[in-house]
Amino acid sequence: MTLLLFLNVSFAADKYINCSNTPVRNYHNKAVLLLKNASRLIKVSPYSKSVRHNLKKYFKLDVLEPNDLRLVNRVFNNVHTVSRDASKSVYKCKPQSNYFWCMTEPLAIVPPPKTRVYLCPKFFKLSDKKKVGVTIHEMFHMWGGFNINYLPETYCYDRQSLSRESLVRQADQYMLFVMSLDAKSKLECF
């Protein structure tokens with residue numbers, strides 16, 4: 001127990017390990033803002049056209065359909081939870097592609113024990129909007145708990161073949177949902 005407490009304190013000491021602080025901080029801040037805005041919108045206007053359209057598009061759910069309410073509530077709770085905790089995210093950047101967590105060439109990864117987001121070389125080649133999207137995706141892995149699939153993971157391009165029960169566990173669906181609730185930040189699957 002003491003060791004874990006020590007590790008958490010040491011991880012929190014520097015939020016941007018080996019990163020150029022300003023750009024990564026900007027992606028983090030934009031992601032946190034989008035999450036907080038999404039959380040606020042679904043609290044205040046859960047029946048709005050935008051919320052209903054994006055629930056249907058990304059999760060195959062309708063907030064007005066009684067059979068969907070259990071899963072709609074799960075989506076809303078996951079957004080609220082991640083929105084609450086996302087600002088605590090810690091990042092580690094490693095430019096070398098032979099870095100252990102980046103060897104399979106992901107954009108970013110939250111490896112066990114889920115204490116930090118590793119930003120891999122491919123991440124830095126994305127557009128700024130996609131970097132924010134990937135940051136949100138990884139925040140759902142880090143802060144979504146057991147409600148979000150960790151492994152195996154599917155991505156947004158698998159959406160059509162997945163059931164609603166599977167979609168509400170996918171970090172990519174939350175990334176697209178959150179970003180689509182902000183007209184300037186809409187992002188398509190990539």
The range 85-123, residues that are open to solvent by 60 Å² or more (accessible area, probe 1.4 Å) and without any contact (Cβ under 8 Å) to a residue 12 or more places away in the chain: Asn98, Phe100, Met103, Thr104, Pro112, Pro113
So Asp158, is it open to solvent by 10 Å² or more (accessible area, probe 1.4 Å) and touching a helix residue (DSSP H, G or I) at 6+ places or on another chain (Cβ under 6 Å): no
Odd one out for Met142 among (1) under 16 Å from Arg84 (Cα atoms); (2) open to solvent by 70 Å² or more (accessible area, probe 1.4 Å); (3) of a type in the set (A, V, I, L, M): (2)
Residue match in the range 87-105 (condition: part of a helix (DSSP H, G or I) and closer than 18 Å to Asn29 by Cα): yes
Subset of the range 55-67 that is in contact (Cβ under 8 Å) with a residue 24 or more places away in the chain and open to solvent by 10 Å² or more (accessible area, probe 1.4 Å) - its residue that is farthest from Lys36 (Cα to Cα): Lys60
Members of the range 14-33 that are of a type outside the set (Gly, Ala, Ser) and part of a helix (DSSP H, G or I): Asn21, Thr22, Pro23, Val24, Arg25, Asn26, Tyr27, His28, Asn29, Lys30, Val32, Leu33
Per-region count, the range 161-172, residues crowded, with 20+ Cβ neighbours inside 10 Å and either farther than 18 Å from His141 by Cα or not β-branched (Val, Ile, Thr) (or both): 5
Any hit, the range 34-48, residues being over 23 Å from Thr154 (Cα atoms), at pLDDT 85 or above, under 16 Å from the mean Cα position of the chain (by Cα) and not in a helix (DSSP H, G or I): no
Test for Phe146: is it among the hydrophobic types (A, V, I, L, M, F, W, C), modelled with pLDDT under 85 and within 30 Å of Phe76 (Cα to Cα): yes
Members of the range 121-137 found to be farther than 19 Å from Phe177 by Cα and either part of a loop (DSSP other than H, G, I, E, B) or under 8 Å from the mean Cα position of the chain (by Cα) (or both), listed by number: Leu126
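The values are calculated or read from the model by the stated rules, or taken from the named source; none is laboratory data. Just so it is clear, the model here is predicted, and its values are computed rather than measured. No Cβ is skipped: glycine too gets one built from the backbone with ideal geometry, and neighbour counts run over all protein chains shown. What goes into the accessible areas is simple: the full protein's heavy atoms, side chains included, and nothing from ligands, DNA or RNA. Shrake-Rupley method; radii C 1.70, N 1.55, O 1.52, S 1.80 Å.
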